[in-house]
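All of the numbers you see were taken from the coordinates with simple rules; none came from a lab. Note that the structure is a prediction, hence the values are computed from the model and not measured. Neighbour counts run over all protein chains shown; Cβ positions are idealised from the backbone, glycine included.
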Amino acid sequence: VSQVSVLVMIDPARRDHLGDLAAAIAGLGVTVRERIPELGLLVVDIDPGRLEQLRRLEGVIAVERSRTLQPLG
Amino acid sequence: MSDETDGINPPPAPRLTGRSLVMARGPEAPEPEEMLRQMVPKGESFQREYVLLPGGGWVAWVDRTPDHLIPPEAAGDLHGSQVLFEAERFQYLPRRIKVEASRDVAPPPLSRALQMIRADETTLTGRGAVIAVLDGGLDRQHPDFVGRIPDGDVASFVGGTGDDLIGHGTHCAGIIAGPRVPCMGPRYGVAPDARLLVAQVSDPSGQDQQAFDYAVIQGLVWAAMKGAHVASLSLGTPADRKCQKHSQIFDWIARILRRERGMIIIAACGNGSRRPKNLQPIFHPADCPSIVAAAGLKDDFLVAPFSCGSICNQRNPSLAAPGLRVRSSIPTSTDPINPFGMADGTSAATPHVAGVAALWVEKTRGLRGKKLMNLLLGGVGKLADGPDAVGAGCVQAPK
């Protein structure tokens, strides 16, 4: 199954432990592609079947599909 | 036998074309406007175009009424870095130089789009404002930008150099901060004295110039950390499905950056509509309520046929700006002789809004965040179309 990229927003109270959370997420068998620590945001590649597990992980407050944007002119 | 000498014609009489070529070389070369004004008697008018040279200096073409000559020494005392030619007459009158200049130089005309937002009625230029353009980069060798953007104000989040190879980024950046006196043609930049931050977030190698949303987010964070008042985003994507709810994450990011860093995000509504029959919803991320969403207008101040609008109980566009046949800079690699082009789209509308926001920043001496956004939205001109198409109205330059 091809993986999808998702944006993962972390609870601000947990932002100081972004590395720990990234490790926990990696434990789900996903790849952490990018970290944006200023916003407590992770970008991960994940099997769509594991999305629900990711959403339920403590400290995760939102998960959304990553999208590509195009020039509008 | 004729009286003419051995069939050899005498040199032709000097042509009085009124056109001269003035060149200044080197990093110490004075500003072209300043130099040309010094060279021409007070009160005389002239027309001119110039291009900046790599490594410093410029070449100017000046046109004035024929027969107005000034001696070469008029230019000889200007820092010693200039070479002055008369383009049309140099061959025959090397010691006489004809230059057109004035101490009462008329500013260049403004593009139609700048007139629509009343940029011709303000003296504000965006001084003190910091505006980030998140796009495909910028051609920093363009004559209107060469030497203006320091390396530290350019960043790539897609592994590039920040140089625009396609043109979309240079066009958008030009609308925000093209110079007061472009190297040719009418003025097209709303806020020529604004400091421009260039975040390259689109793939510079692909013709489709796609941008991953996380590269955009990284660019937004960088811009906010650099002190940007405004981020201009002429990128977007239609919803994956009908009546899809806006992104909670992008909305949250926009709110956080506005509240904690005082940076507002302006994004393009999208070009998916074919009005009047086919109306498409506002694209992501402009559909987020915390982002200023810019719709596009035609020259007659009616909504552009492609401009997306509010459906499915979406938010309305915030406001509108010129989006049809908008002139701005394009990369010199695209056209080295005339690096300017016209473009359509809410991509063009968005940087007009960002430029006007820069004027508000200057007028208010640095206002930021929600207060800046309220001024921007409150200073619009009313339009015939409804708020679902054009929001509060057409963005207007403050006086």
Just checking, which of B:Val181, B:Val198 is surrounded by 24 or more Cβ atoms within 10 Å (Cβ to Cβ) and either on the phi > 0 side of the Ramachandran plot or touching a residue at least 60 places away in the same chain (Cβ under 8 Å) (or both)? B:Val198
List every residue pair whose Cβ atoms sit under 9 Å apart, with the two residues 6 or more apart in sequence or on different chains, where the first one lies in segment A:62-73 and is more than 7 Å from every other protein chain (Cβ to nearest Cβ) and polar (S, T, N, Q) and the second, anywhere, is crowded, with 22+ Cβ neighbours inside 10 Å and not in a strand (DSSP E or B). none
When B:Pro186 is run through (1) over 13 Å from the mean Cα position of the chain (by Cα); (2) surrounded by fewer than 19 Cβ atoms within 10 Å (Cβ to Cβ); (3) touching a residue at least 60 places away in the same chain (Cβ under 8 Å), the failure sits at (1)
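So for segment A:54-65 (the condition being within 25 Å of B:Gln200 (Cβ to Cβ) and part of a strand (DSSP E or B)), does at least one residue qualify? Can you show your working first?
As a first pass, look at segment A:54-65 and keep what is within 25 Å of B:Gln200 (Cβ to Cβ): A:64-65.
Still in the running and part of a strand (DSSP E or B): A:64-65.
Yes, some residue in segment A:54-65 is within 25 Å of B:Gln200 (Cβ to Cβ) and part of a strand (DSSP E or B).
Could you please find all residues in segment B:201-211 being in contact (Cβ under 8 Å) with a residue 40 or more places away in the chain and of a type outside the set (A, V, I, L, M)? First the steps, then the outcome.
Restricting attention to segment B:201-211, the residues satisfying the condition of being in contact (Cβ under 8 Å) with a residue 40 or more places away in the chain are B:201-205, B:207, B:209, B:211.
Scanning segment B:201-211 gives B:Ser202, B:Asp203, B:Pro204, B:Ser205, B:Gln207, B:Gln209.
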Subset of segment B:222-235 that is touching a residue at least 60 places away in the same chain (Cβ under 8 Å) and outside any loop (DSSP other than H, G, I, E, B) - its residue that is nearest to B:Arg127 (Cα to Cα): B:Val230
Subset of segment A:9-53, residues outside any helix (DSSP H, G or I), touching a Lys or Arg at 6+ places or on another chain (Cβ under 9 Å) and buried (at least 16 other Cβ atoms within 10 Å of the Cβ), comes to A:Val30, A:Gly40, A:Leu41, A:Leu42, A:Val43, A:Val44
Note: among B:Asp203, B:Asp240, just one is crowded, with 18+ Cβ neighbours inside 10 Å, more than 7 Å from chain A (Cβ to nearest Cβ), part of a loop (DSSP other than H, G, I, E, B) and among the charged types (D, E, K, R), namely B:Asp203
For A:Leu28, are the conditions met, namely being over 11 Å from the mean Cα position of the chain (by Cα), among the aliphatic types (A, V, I, L, M) and within 14 Å of another protein chain (Cβ to nearest Cβ)? no
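Report yes if some residue within segment B:149-159 is in contact (Cβ under 8 Å) with a residue 24 or more places away in the chain, acidic (Asp, Glu), farther than 17 Å from B:Thr350 by Cα and not in a loop (DSSP other than H, G, I, E, B); otherwise report no.
Step one: filter segment B:149-159 for residues in contact (Cβ under 8 Å) with a residue 24 or more places away in the chain, giving B:149, B:153-158.
From the residues that got through so far, the ones that are acidic (Asp, Glu) too are B:153.
Remaining after also requiring farther than 17 Å from B:Thr350 by Cα: B:153.
So of that shortlist, the ones also not in a loop (DSSP other than H, G, I, E, B) come out as B:153.
The answer is yes; a qualifying residue exists.
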A:Leu57 away from every other protein chain (no Cβ under 14 Å) and in contact (Cβ under 8 Å) with a residue 24 or more places away in the chain: yes
Quick one: would you say B:Ala191 is in contact with a helix residue (DSSP H, G or I) (Cβ under 6 Å, 6 or more places away or on another chain), in a loop (DSSP other than H, G, I, E, B), of a type outside the set (Lys, Arg) and away from chain A (no Cβ under 12 Å)? yes
